[in-house]
Each structure stands twice: as C-alpha cells, then as structure tokens.
1. Take the residues in the range 1-59 that are in contact with a Pro (Cβ under 8 Å, 6 or more places away or on another chain) and not in a helix (DSSP H, G or I); name whichever of them is surrounded by the most Cβ atoms within 10 Å (Cβ to Cβ).
2. Find the residue count for the range 121-150, including only residues that are more than 20 Å from LYS42 (Cβ to Cβ) and surrounded by 13 or more Cβ atoms within 10 Å (Cβ to Cβ).
3. Please go through (1) at pLDDT 90 or above; (2) part of a loop (DSSP other than H, G, I, E, B) for SER255 and return the number of the only condition it doesn't satisfy.
4. Working carefully through the options LEU16, LEU62, find the one that is free of Cβ contacts under 8 Å to residues at least 40 places away in the same chain and in contact with a helix residue (DSSP H, G or I) (Cβ under 6 Å, 6 or more places away or on another chain).
5. For the range 125-132, state whether one or more residues are in contact (Cβ under 8 Å) with a residue 40 or more places away in the chain, out of contact with any Asp or Glu (no Cβ under 9 Å at 6 or more places or on another chain) and under 19 Å from TYR53 (Cβ atoms).
6. Select from the range 139-182 the residues that are part of a loop (DSSP other than H, G, I, E, B) and within 16 Å of the ligand (Cβ to nearest atom) and write down the one among them that is nearest to LEU207 (Cα to Cα).
7. Looking at the range 99-135 only, could you name the residues that are at pLDDT 90 or above, away from the ligand (no atom under 11 Å from the Cβ) and not in a loop (DSSP other than H, G, I, E, B)?
Amino acid sequence: MPATPDDLFQQHLEHLKDALPDASSISLAAVLRFISLAEQIKNDIILVQLGNYNLSFPPNHLSPAIIKFLVASCNISEVDVPIYWSILKVAIWTSTSFSMPNTHCRSNLVVDSDAIYPPHQTCLTAGCLNHKKLMETSQRPAILYTLSRGPIATYSLGLYCDACHMSFHNAYYVNYGVVKHDRMRTYYGNVPSILHVGGHQYVEVDLACLWRMQSVLAWYVILMRHLPHICRKSFVCPTYNAKYISTVHPFERLSVSHN
Ligand SMILES: [Zn+2]
C-alpha cells in the first residue's frame, strides 16, 4: 500500500529530528513554510545553477542568497537550512508529496516568490542544439496585479539562447536572429496564468476574468437603467412598428431598424 502524503510528511519530520543538532528547535509552521516557499522559488534556485545542471533533479546546494531568504522567511538558523534542504528537496522538487497552501514572501535579497519567469529555463526552439540551461538573463522591475493581494512590486525575467538567438519571456518569445523590424512576439500555445498587458505591467488571468465580469455587469446595469427611456423614445417614432417592439426581447429592441 503506497504511503499517504501524511505518512510521507511524518517520515520527513522524523528525519529532520534525527538530523538537526537541536530537535526541540523544529517548528511545524517553519517546516510547512520552508516547503511552500522553496516550491515557489524553484526558478530562483535554478537560475543560479551552472549551465550543465539537470533541471529534473534538485540541486545539492542552495546559493547564499536563497539560504538567507529562507532563514529570514522561516525563522530557522542558517546552519539548519542545508539540513532542511537535504531532507526535503526531493519532495519539494516533485511537488507531489504534499499539498501546501501558497505562501508569499519577499526580501531585499533579489529572491521573490512572485517573480515572473519564462515557463522553462531551457531553450524551447525545435531543433536548437543548445540543451543546457539558459545562462543569459535580463531582469527588470514589474508590477503584478493580483486577485487576492492587489498590486505587487516584483520583477520579470527573460532568458536568451545564444545558439538560436531566441529570447524567452513569461508568455511569448522573440527571435533576435532576424532584423529588428521583422521581430515579433510569438505566444506559447496556451493561455498563461499571468498576462503581460504593457510595459512593466502584468495581470493575473483570474483578475482579468473578474474585470471582464464587472465590465459586463456594468454595461448591463447601464442598459437596464436607460432602457425605459430608449423604448419610450422608440414608441413616439412614427417609422417604428410598435407592435413588434413590444413583443421582442429588451436587448433586441435596441437593434430594430428605422427602415
Ligand atoms: Zn536555442
């Protein structure tokens, strides 16, 4: 019988108790936060790895900036972070062992759980001979409009492949191998969870859907408020067929022709 997520989590806790020099320092909240945050900053963890790093497996070591970020975010000591990582890294990397609620955190260490990355850190061009992790990165400040937390200051990253001259972004790629006026954005095949709406502004799709619904409702309210006035006007127009207007759906009345 396969182990349940609860069993796996319990096993990891037991391993942590055995490995940490002071087992009494373990806090369940800190462990949960460590797993949740590390899952969300996987792109930051990958970004600083060497070009020959295999993205399928978790790296053995974390960068100093990532360690400091986790220390500050999870309230654990700096010497304990490598121990937490060595025991939890496989579960974090596969993201299948536990179901963690999203936790968001930011610091002044250029690590941000809201940072906007391309979907992959390897080249997506068919036939490109570069199979290594992309190493040329561009980064710029961005504002991310979210449904649950409002506007957030973060940054967006682009990755460049020097073999095929493609620049990859969160929702599209650009071919820099052609002359400037022929360059255009080619969007990936599916709707991204974050939309780039212009300049440094990004919007979560869930928020865009809410705006769309609010816009439709606003138009409906305006229409219903002014509909009696519009219909009253239409009845005094001698070229209207009043009998027809009184039987059609209210929305259809507006499109009745004067002919
Ligand atoms: Zn390439």
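The values are calculated or read from the model by the stated rules, or taken from the named source; none is laboratory data. As the structure is a prediction and not an experimental result, all values here were calculated from the model. Here Cβ is always computed from backbone atoms with ideal geometry, including for glycine, and neighbour counts include all displayed protein chains.
1. GLN49
2. Count: 6.
3. Unmet for SER255, out of (1) at pLDDT 90 or above; (2) part of a loop (DSSP other than H, G, I, E, B): (1).
4. Values: LEU16 fails: free of Cβ contacts under 8 Å to residues at least 40 places away in the same chain.
After applying the criteria, what remains is LEU62.
5. The first filter runs over the range 125-132 and keeps only residues in contact (Cβ under 8 Å) with a residue 40 or more places away in the chain, leaving 125, 132.
Next cut, out of contact with any Asp or Glu (no Cβ under 9 Å at 6 or more places or on another chain) only: 125, 132.
Cutting the leftovers down to under 19 Å from TYR53 (Cβ atoms) gives us 132.
Taking every residue of the range 125-132 in turn, at least one turns out to be in contact (Cβ under 8 Å) with a residue 40 or more places away in the chain, out of contact with any Asp or Glu (no Cβ under 9 Å at 6 or more places or on another chain) and under 19 Å from TYR53 (Cβ atoms).
6. Our first condition is that a residue be part of a loop (DSSP other than H, G, I, E, B); within the range 139-182, this holds for 147-149, 162-165, 169-171, 176-179.
In the following step, the residues that additionally are within 16 Å of the ligand (Cβ to nearest atom) were identified as 162-165, 169, 176-178.
On the way: ASP162: 35, ALA163: 37, CYS164: 35, HIS165: 33, HIS169: 20, TYR176: 32, GLY177: 35, VAL178: 35 Å.
Among those residues, the one meeting the criterion is HIS169.
7. ILE116, LYS133
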